[in-house]
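What follows is a short report on a single structure.
Quick note: the coordinates plus some simple rules give every number you see, no bench work behind them. Please read all numbers here as calculations on a predicted model, not as lab measurements. FYI the Cβ positions are ideal-geometry reconstructions off the backbone, even for glycines, and counts take in every protein chain you see.
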Amino acid sequence: MVTKYQNRPPLSLTSTPPPPSKNFEGDVLLIDNIEQRVGAEKMVGTPINGRTRQAFTVVNGGGHDLGPSSAPPSNAGSDYGAIEFTREDVEALLNERAKRKDRFNYKERCENMVDYIKRLKVCIRWFQDLEMYYSLEHEKLKNSLELTQQKCIEIELLLKIKEEELNSIITEMRRNCTSLQEKLIKEETEKTAAVESLTKEREARLDIERSHSTLSEDLGRAQREIQSANQKIASLNEMYKRLQDYITSLQQYNGKLHSELSSVEDELKRVEKEKANVVENITMLRGQLTVSVSSQEEAIKQKDVLTTEVSSLRGELQQVRDERDRQLSQVQTLSSELQKIKESTKLSSTELDSLTLKANDLEVKCALKNNQIKALEERLANAEKKLEVSDISVYETRTEFEGQRKFVNELQRRLADAEYKLIEGERLRKKLHNTILELKGNIRVFCRVRPLLADESCSTEGKIFSYPTSMETSGRAIDLAQNGQKHAFTFDKVFTPEASQEEVFVEISQLVQSALDGYKVCIFAYGQTGSGKTYTMMGRPGHPEEKGLIPRSLEQIFQTKQSQQPQGWKYEMQVSMLEIYNETIRDLISTTTRVENGTPGKQYTIKHDANGNTQVSDLTLVDVQSAKEVAFLLNQAANSRSVGKTQMNEQSSRSHFVFTLRIYGVNESTDQQVQGVLNLIDLAGSERLSKSGSTGDRLKETQAINKSLSSLSDVIFALAKKEDHVPFRNSKLTYLLQPCLGGDSKTLMFVNISPDPSSVGESLCSLRFASRVNACEIGTPRRQTNGRTIESRLSYF
């Protein structure tokens, strides 16, 4: 941008004002961003880096010069001091025009221009510092905003947690409210029942009062009749007949009382029988602690029954007492009537005497009734005492039951503690055992017995395997019975036919983890044809819950790889898969085609270097990043593997399958490097020609398989005897397994056993071979932490 000077004194930083000059026009270059940053606000008093700038008027204050004594201190290395600008100052600086006396005095023009440029630099530096300050303030505000947002998120989480707690409390309060409402309803029903019973009692009392009033009326009527008898002697005979009828009714009522008494006695007998039953139940409660709860409830029920019966007896007793009082009142009434009749007339003295005798008889009967009532009261008291004794015995039984329950709970707690200690001890034993094996360098051996098949379960020869359960050999021993002779074997772990794939993998998961830690790990499955080797290593396709050791190992490795990324670890992984078919190596994931006669298109050779690594030339190595990629390669290899049908197995593996995963890890924070190898091998099954019925190509395959397995047996014998020469070169299989059998690798063998009684001979041979393998010492495993070499991609084991 170009502007022209106006007639205005120049802005100077020196102590000497410039001389006046004539009017002329000159061109000066200015910066565009200065005009863009000049806003409508005042740019005064903004502190930068803890300093307060001086106003620009100190520099350009109404044409006054800045003296040497008033120069501001330097700011962040600036040569112009800490100053401040206003909008008017900036506009004045931009619109400033130089005054010159001589237009041809270039020296003066240069000095003015230099001075003007210096003042522009001061303004530009001030704007730069202001912009830096604003950027720092923006960063601070941004950080404070992030912290505030984080705190808001935490507060929202706390509010959610509090809301969940309040919801749970509200739910619990609602449950309590519901239970309280139910209790209130129950109490209201009980109250209603009590009110109804009270109403019934009041009605009964009213009935009794009514009957009493009727009796009073009857008494008045009788008195009126007696008075009428005194007045009318002629009606004495009718009165006598009526008295006889009344006495007859009394006799009938007396008979009714006798019947009721007999019913009461029967009721008492029944009560005594029930009491005897209660006593028997109490004795049964004391003898049988296991059914104490039910017996206690039954005793409580019988107690309620006895209580109700006692209350009913009390009611009946009260009724008998009332009846006795009524009869006494009637006797007294009759006595008074008889006395009046005697006084009124002497003609009926004989009848009155007879009535007196009858009244005496009634009194005697009433006395007998009183005695019977007392006897009933005594029996009732005895029954109540016995009921109290039964209550005490029930309480004792309940107390004893509570003690027994506490004792049982204590025993269960001790049992749980003992089981926990047993589990911890077993874990410690396994850890120490694995440590001892690693220090000794032994090959670990796991034995797995597959379940019986449908056509094998019909055998009548019985089970040939048993599993000791002693503390020393639990889960590690297996016994085989053959021709009445028992053969005992002990391994590092024995899996029964009920063991799942998950349980088997848990036992080897730590060994798989060692590959990520930089160790060489080798796991191979050995056994006869149809013993379950391929199922153990690969699993059943299409059934995720029955995945084999190879898919599960890969899932664990890639999960651990993801979990160790925050710690700075990065891993590279390569996969190779091959099979040894008729002593020939085949690449199962190679893209090249095979010749129709079964021979591979390439010839692969095995070589060992000085570091103990094994190399397979021209073998395909694939970089993998996930378990899905490896699963795809496994499926491709399974379709390419040699499989045939024999009399022993419809899908028999006719080759040795070798899966290899090479792992290279680097920790960027510690510069630590590890290099591990995981080898998972599914050996072909050993078989007898007499059983397999192999002919033609199958016969050649069987001979090659048995030869390689025989060579493996020779190598194991040589290692067990610690011979100087170990025949690793006798077969491609043993030569390939040389680092696993004689180097610094962690090696585990699965010996798979068939439970079919017809295969007991092969099972015995497999178990004996596994025992020899378990006794071999191959050296202490060594962790590989060196850097990656150029030939590491060709390293096999």
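A compact table of results
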| quantity | calculated |
| --- | --- |
| Net charge over other residues, Cβ less than 13 angstrom from the Cβ of Lys486 (K, R count +1; D, E count -1) | 0 |
| Efficiency of FRET from Cβ geometry, Ile208 and Lys183, R₀ 41 Å, rounded to 0.05 | 0.65 |
| Vicinal HN-Hα couplings computed from phi for region 357-374 (Karplus, 6.51 cos²θ - 1.76 cosθ + 1.60; Hz; Gly/Pro x) | 4, 5, 5, 4, 4, 5, 5, 4, 5, 5, 4, 4, 4, 4, 4, 4, 5, 4 |
| Amide H partners (placed H, <5 Å) of Gly548, local residues excluded | Gly539, Arg540 |
| Too-long pairs where the Cα-Cα distance tops 23 Å, listed order kept, from Lys118/Lys140; Lys269/Lys386; Lys200/Lys385 | Lys118/Lys140; Lys200/Lys385 |
| Ordering of 667-680, 513-526, 315-328 by burial proxy (mean other Cβ atoms within 10 Å per residue, highest first) | 513-526, 667-680, 315-328 |
| Sequence-distant aspartates and glutamates (8 or more away, or on other chains) whose Cα lies within less than 20 Å of Lys463 | Asp455, Asp479, Glu498, Asp756, Glu762 |
| Built amide H within the under 5 Å cut-off of Phe446, gap 5+ | Met749, Phe750, Val751 |
| Rounded FRET efficiency, nearest 0.05, which uses the C-beta distance separating Val364 from Arg413 and R0 of 56 Å | 0.15 |
| Phi to ³J(HN,Hα) by Karplus 6.51 cos²θ - 1.76 cosθ + 1.60 over region 176-192, Hz, x for Gly, Pro | 4, 5, 4, 5, 5, 4, 4, 4, 5, 4, 4, 5, 5, 5, 5, 5, 4 |
| GluC sites (Glu not before Pro) within region 449-521: DSSP coil, no more than 16 neighbouring Cβ in 10 Å | Glu456, Glu461, Glu472, Glu498 |
| Other-chain or far-sequence residues with amide H under 5 Å of Ser686's (modelled H) | Gly527, Gln528, Thr529 |
| Members of Lys520/Lys732; Lys493/Lys700; Lys160/Lys183 lying beyond 23 Å, as alpha-carbon distances in this model show | Lys493/Lys700; Lys160/Lys183 |
| Phi to ³J(HN,Hα) by Karplus 6.51 cos²θ - 1.76 cosθ + 1.60 over region 156-166, Hz, x for Gly, Pro | 5, 4, 4, 5, 4, 4, 4, 5, 5, 5, 5 |
| Peptides ranked, highest mean first, by Cβ atoms within 10 Å: ranges 369-379, 712-722 | 712-722, 369-379 |
| Peptides 118-126, 555-563 ordered by average Cβ neighbours within 10 Å, highest first | 118-126, 555-563 |
